[in-house]
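*Asks:* Before I ask anything, let me first share the structure, which is written out below as structure tokens.
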Amino acid sequence: MPSSKTIRILAGLSLALSTVLFSSLSVARAAESSAVELTREGSARLPIVISDKASVEVRKSADELAEYLGKMSGGKFVIEIGNGSRGLVVGQPTDFASLPFELAFESGPFHREDYVLRSHSQGLYLLGASDLAVSHAVWDLLYRLGYRQFFPGPKWEVIPAARDLKLAVDANESPHFYSRRIWYNWGLWGYNDQPYHQWCIRNRATQGFRLNSGHAYDSILAANTDAFAAHPEYFAEIDGKRRTEGGDIKFCISNPGLRRLVVDHAVRTVKASPDLDSVSMDPSDGGNWCTCDACRQMGSPSDRALTLANEVARAINQLGLGDKYVGMYAYNEHSPPPKVKADPHMIISVTTAFLRGGFTFDQIIEGWQAQGATTGVYDYLSVVAWDWNLPRGGKAGRIADVQASLPRFHQQGARFYDAESGDCWGPCGLGYFLAGRLMWNIDEAEQTDAIVDDFLERAFGTAKEPMREFYRLINQDNSRRPPADMVGRMYRALDEARKATSDSNVHARLDDLILYTRYAELYYGFAAGQKSVEDVARHAYRIRKTMMVHSYGLWSRLVSQQAALTDGHPWKSEEPFTSAEIDTILQEGITNNQPVDSDFESVAFSSDLVPATPLSLPHVEPGSWPDSPQDRQRHYIWLDKETKELNLQVRVIKRWANRMPMLNLYSPQEVKIEPVATDESYLPDGVERTLKLATPYRGLHRVETFDGGDHTFIKWPEGMPVTVESGIDTSCVTEHFRGAWTLYFYVPKGTKIVGGWASRIANWAPRISGKLLDSSGREAFDFGTAEEGWFKVLVPEGEDGTLWKFENSQGQRLLMTVPPYLARTSEGLLLPAEVVEKDSLP
Ligand SMILES: [Zn+2]
């Protein structure tokens, strides 16, 4: 449970009462609290008690408690006005005159959601620090009694039947993250509004503290146009001129008048809304930071933005209106940690993507923390344009990532968690549900397996085991699978699940997941050029009310936002799927999608690479590297003893500029993990530069480049061996194989099968194409006519011990039966030492 220090149990009010009750509570806490019987044989044993001062919200919470206890047990719970001495006491402690103990929640904006659940033989206390906390107490109690709202909507609500409800509880709850949000990018779409909000309340995914961190500079300008018109020097200076228009306005923050204006603006804002928890001082998007001398002397964009925000924080905390906070992102150019200290009222949200300056997320969050800021995390649980709601696509589609990251964020000091997500409960539902548990209490990460098991048990009953396989496939499995294999296995698990239960509630859930699987099948088909965007959009719209896929986001991305908002669009059908249609989808899905295992054994090779020259491979026409190298690239090179210094011609074409480019040179002989040489002096400006890298070692080295989504081109020294790795377990293959390429690989003597995996590098990339040629130039395989997935070629007589070629290829080829190393020429190829040694024997 979260920290118990958030409440203080004080001595009882009256001596007589406290002697009896307080001592019994102490005993209860020391051992186990007394159990309370809520119902017996379907009859309520106690009333629900609220205060005559109870707010509308508390009354609503009490009503919901009565309603759900009734649904579970069949008992009728009456709601009474009382003093808190007995019954199911619902409200804030100050509402009740006769609580048998004194309870004071910690004050301040971060403890508004704290609550207590405590049973004794005569009743149960559901006491919260605020109306929202009282609601949490009610839903937590129901959760402890087995109630679940796994996904939004009535289909995914599980109300267990129990005529005898009894429990013992003594919990002091306080959330680990003070603000917890899983929200839909692109927004809600009408039908999903109410179920979404209901899910948030029932899973405590709420914000007791309102953190404002949105871009603020443009709105400050809009609210103060006269002052800015009178003072053009308040605008950022770019190329010697004040930039007064064009959006994404930046200020000349070194100007004291500008800072006073911004501070006055914030003070007015807070005075006008004294209940505000925070104001945002996040800069506008984009660059355009002031280039005047005084601003440059202030430091980096982070330093300048923070200096201004610090002044605002000090001013709004002198108003006598309580603690007021200032929110800001560590994002884009103002993501690197500042040199100046942060005011204690600064809250910095660090994004897990779009970081700049070559810093990692860890360095940024820890760097801001070190300057005194309270931090939060802006995470991405699902982004429709990244994962397209496919299985194991978004972060929420990978249970292990959710399980590992939330406790880690908290450990790094984060106290706010905000996750961009989508209405895609098919692939992400279990991940969202788990995130909901962990946002409140990171310690539950250790119970992830139990949480998954509880979900399977309660949501699917006797169909639990086939559904375990379904969720393993879409949320846990990491093995490479062709789309037909993935979808085929999903359909089969659902079919088995259907046969394993006659429960109509479970069947309704399985139907939704069949419709989700059909979506995945259509999207994979669309990505492979076999289905049209219309096929995908029609299906996504028609199943939108299942909330299995983020239909609004998909429409906005695949069709257009305007089409998404157009009523009566010809692709929009309001007709729900009939059970006959769902049966057909399932049966055809099984027929049309056959699971396939690779029918070859993979062979392991060492990574102790040496030149292939002892094999005396023939000279070949040089191939070509992928023509759009991007993000992170890793090349293996060989430095002979004449090489004193490695000179590389490097050119970076700007595309996303998410980080400045960097090149690291590693040697396996270096005992430390660090590179032997690093160069960060170059820019994404299209200019070719010579980078000089010195190393004390000879032989094998690894060159790694990072460019944050730009294109890094390297000209390698003439005659130097350069090889890339492309195996089933190789990291960063995806980045390597962007664009068209032609490369060679070696088929060792005695090899019977050339087998591996071929796929696009990402869901947005061109489909696979290109040919596999043996050493005599004969076509062994045509990827242009093959489906993504395993490929297998029998090695003809005499074609082992030779160099084969992937010609004019799109997509990645992960080699599994031969050394997974590719090069432009035979002279450039590096191979595992054991292969070279064995095959060079006469
Ligand atoms: Zn300036």
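The values are calculated or read from the model by the stated rules, or taken from the named source; none is laboratory data. If you're wondering where the values come from, they're calculated on a predicted model, not measured in any experiment. Heads up, the Cβs are rebuilt from the backbone with ideal geometry, glycines too, and the neighbour counts pull from every protein chain shown. Only protein heavy atoms, including side chains, enter the accessible area calculation; ligands, DNA and RNA are left aside. Shrake-Rupley method; radii C 1.70, N 1.55, O 1.52, S 1.80 Å.
*Asks:* Quick check on region 699-707. Is at least one of its residues more than 39 Å from the chain's Cα centre (by Cα) and either surrounded by 22 or more Cβ atoms within 10 Å (Cβ to Cβ) or farther than 22 Å from Gly801 by Cβ (or both)?
*Replies:* yes
Yes/no matrix, rows are residues, columns are (1) modelled with pLDDT of 95 or more; (2) open to solvent by 60 Å² or more (accessible area, probe 1.4 Å); (3) not basic (Lys, Arg):
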residue: Ser18; (1), (2), (3): no, no, yes
residue: Val56; (1), (2), (3): yes, yes, yes
residue: Ser61; (1), (2), (3): yes, no, yes
residue: Glu80; (1), (2), (3): yes, yes, yes
residue: Arg86; (1), (2), (3): no, yes, no
residue: Thr94; (1), (2), (3): no, yes, yes
residue: Glu102; (1), (2), (3): no, yes, yes
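*Asks:* Hey, another quick one. Condition test on Lys572, is it more than 25 Å from His701 (Cβ to Cβ) and touching a residue at least 24 places away in the same chain (Cβ under 8 Å)?
*Replies:* Taking the combined requirement at face value, the residue satisfies it.
*Asks:* Looking at Tyr234, Tyr217, which is the one that is farther than 30 Å from Gly461 by Cβ, within 16 Å of the ligand (Cβ to nearest atom) and touching a Leu at 6+ places or on another chain (Cβ under 7 Å)?
*Replies:* Tyr234
*Asks:* I need the full set of residues from region 456-483 which are open to solvent by 40 Å² or more (accessible area, probe 1.4 Å) and assigned to a helix (DSSP H, G or I), in order please.
*Replies:* Glu457, Arg458, Thr462, Glu465, Arg468, Glu469, Arg472
*Asks:* Still on this structure, I have one more. Take Gly12 and tell me if it is in contact with a helix residue (DSSP H, G or I) (Cβ under 6 Å, 6 or more places away or on another chain) and either at pLDDT 85 or above or surrounded by fewer than 19 Cβ atoms within 10 Å (Cβ to Cβ) (or both).
*Replies:* So Gly12 does not fit the description; no.
*Asks:* Can you list residue pairs whose Cβ atoms sit under 8 Å apart, with the first residue in region 311-328 being of a type outside the set (Ser, Thr, Tyr) and the second being part of a helix (DSSP H, G or I) and surrounded by fewer than 14 Cβ atoms within 10 Å (Cβ to Cβ)? Count only pairs 6 or more apart in sequence or on different chains.
*Replies:* Note: pairs meeting the criteria are Leu319/Lys271; Leu321/Lys271.
Every residue, every condition in (1) open to solvent by 80 Å² or more (accessible area, probe 1.4 Å); (2) on the phi > 0 side of the Ramachandran plot; (3) in contact with a strand residue (DSSP E or B) (Cβ under 8 Å, 6 or more places away or on another chain); (4) at pLDDT below 95, yes or no:
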position	(1), (2), (3), (4)
Gly568	no, yes, no, yes
Glu575	yes, no, no, no
Gln587	yes, no, no, no
Ser598	no, no, yes, yes
Val603	no, no, no, yes
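*Asks:* For region 223-238, name all the residues that are hydrophobic (A, V, I, L, M, F, W, C), over 16 Å from Arg260 (Cβ atoms) and open to solvent by less than 70 Å² (accessible area, probe 1.4 Å). Quick ask: steps written out before the conclusion?
*Replies:* Narrowing region 223-238 to residues hydrophobic (A, V, I, L, M, F, W, C): 223, 227-230, 235-236, 238.
Then drop every residue that is not over 16 Å from Arg260 (Cβ atoms), which leaves 229, 236, 238.
If the condition is that a residue be hydrophobic (A, V, I, L, M, F, W, C), over 16 Å from Arg260 (Cβ atoms) and open to solvent by less than 70 Å² (accessible area, probe 1.4 Å), then Ala236, Ile238 are the ones that fit.
*Asks:* Out of Ile653, Ile714, which single residue is more than 18 Å from Thr360 (Cα to Cα) and in contact with a Gly (Cβ under 6 Å, 6 or more places away or on another chain)?
*Replies:* Only one candidate passes the filter, namely Ile653.
To keep it simple, each residue is scored yes or no on (1) β-branched (Val, Ile, Thr); (2) modelled with pLDDT under 95; (3) open to solvent by less than 10 Å² (accessible area, probe 1.4 Å).
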position	(1), (2), (3)
Asp423	no, no, yes
Cys428	no, no, yes
Ile442	yes, no, no
Asp485	no, yes, yes
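*Asks:* Let me ask something additional. Could you grab me the full set of residues in region 776-792 that are in contact (Cβ under 8 Å) with a residue 40 or more places away in the chain and open to solvent by 10 Å² or more (accessible area, probe 1.4 Å)?
*Replies:* Glu787, Glu788, Trp790, Lys792
*Asks:* To continue, here is another question. So, Ala171, is that one farther than 22 Å from Thr374 by Cβ, modelled with pLDDT of 95 or more, away from the ligand (no atom under 16 Å from the Cβ) and open to solvent by 30 Å² or more (accessible area, probe 1.4 Å) or not?
*Replies:* Criteria not met by Ala171.
Results for (1) of a type outside the set (S, T, N, Q); (2) touching a His at 6+ places or on another chain (Cβ under 9 Å), shown as yes or no for each residue.
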{"position": "Ser73", "(1), (2)": "no, no"}
{"position": "Phe101", "(1), (2)": "yes, no"}
{"position": "Tyr143", "(1), (2)": "yes, no"}
{"position": "Leu167", "(1), (2)": "yes, no"}
{"position": "Ser174", "(1), (2)": "no, yes"}
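*Asks:* Starting from residues that are out of contact with any Asp or Glu (no Cβ under 7 Å at 6 or more places or on another chain) and outside any loop (DSSP other than H, G, I, E, B), keep the ones in region 307-320 and report whichever is farthest from the ligand (Cβ to nearest atom).
*Replies:* Ile316
*Asks:* Another question, if that's okay. Restricting to region 606-629, name every residue that is open to solvent by less than 60 Å² (accessible area, probe 1.4 Å) and not in a strand (DSSP E or B).
*Replies:* Ser606, Ala612, Leu615, Leu617, Val620, Gly623, Trp625, Pro626, Ser628, Pro629
*Asks:* Tell me, yes or no, whether region 261-283 has at least one residue that is at pLDDT 95 or above, touching a Cys at 6+ places or on another chain (Cβ under 7 Å) and within 14 Å of the ligand (Cβ to nearest atom).
*Replies:* No: zero hits.
*Asks:* Name the pairs: first residue in region 438-449 and within 12 Å of Ser179 (Cα to Cα), second residue at pLDDT below 95 and open to solvent by 20 Å² or more (accessible area, probe 1.4 Å), Cβ to Cβ under 6 Å, at least 6 apart or on different chains?
*Replies:* Within 6 Å, no pair qualifies.
*Asks:* Under 23 Å from Arg824 (Cα atoms), open to solvent by 60 Å² or more (accessible area, probe 1.4 Å) and outside any loop (DSSP other than H, G, I, E, B): is that true of Thr690 in this structure?
*Replies:* So Thr690 fits the description; yes.
*Asks:* Across region 387-412, what is the total count of residues that are open to solvent by 10 Å² or more (accessible area, probe 1.4 Å), of a type in the set (S, T, N, Q) and farther than 10 Å from Gly431 by Cβ?
*Replies:* Number of matching residues: 3.
*Asks:* Here's something else I'd like to know. Just the residues that are at pLDDT below 95 and outside any loop (DSSP other than H, G, I, E, B), please, taken from region 330-349.
*Replies:* Restricting attention to region 330-349, the residues satisfying the condition of being at pLDDT below 95 are 330-337.
Selection gives Ala330, Asn332, Glu333, His334.
*Asks:* Condition check: within 22 Å of the chain's Cα centre (by Cα) and either of a type outside the set (A, V, I, L, M) or open to solvent by 10 Å² or more (accessible area, probe 1.4 Å) (or both). Does Tyr491 satisfy that?
*Replies:* Taking the combined requirement at face value, the residue does not satisfy it.
*Asks:* Next up: Examine region 636-652 for a residue that is touching a Phe, Trp or Tyr at 6+ places or on another chain (Cβ under 7 Å), open to solvent by 50 Å² or more (accessible area, probe 1.4 Å) and not in a loop (DSSP other than H, G, I, E, B), and state whether such a residue exists.
*Replies:* Within region 636-652 (the criterion being touching a Phe, Trp or Tyr at 6+ places or on another chain (Cβ under 7 Å), open to solvent by 50 Å² or more (accessible area, probe 1.4 Å) and not in a loop (DSSP other than H, G, I, E, B)), the answer is yes, since at least one residue qualifies.
*Asks:* Just wondering, is there one or more residues in region 196-211 that are surrounded by 21 or more Cβ atoms within 10 Å (Cβ to Cβ), within 16 Å of the ligand (Cβ to nearest atom), under 33 Å from the mean Cα position of the chain (by Cα) and of a type in the set (D, E, K, R)?
*Replies:* Checking region 196-211: not a single residue is surrounded by 21 or more Cβ atoms within 10 Å (Cβ to Cβ), within 16 Å of the ligand (Cβ to nearest atom), under 33 Å from the mean Cα position of the chain (by Cα) and of a type in the set (D, E, K, R).
*Asks:* Somewhere in region 177-195, is a residue part of a loop (DSSP other than H, G, I, E, B), free of Cβ contacts under 8 Å to residues at least 60 places away in the same chain and within 16 Å of the ligand (Cβ to nearest atom)?
*Replies:* no
*Asks:* Still on this model: Among the residues of region 290-306, is any closer than 17 Å to Pro338 by Cα, surrounded by 22 or more Cβ atoms within 10 Å (Cβ to Cβ), within 34 Å of the chain's Cα centre (by Cα) and more than 16 Å from the ligand (Cβ to nearest atom)?
*Replies:* No; the residues of region 290-306 include none that is closer than 17 Å to Pro338 by Cα, surrounded by 22 or more Cβ atoms within 10 Å (Cβ to Cβ), within 34 Å of the chain's Cα centre (by Cα) and more than 16 Å from the ligand (Cβ to nearest atom).
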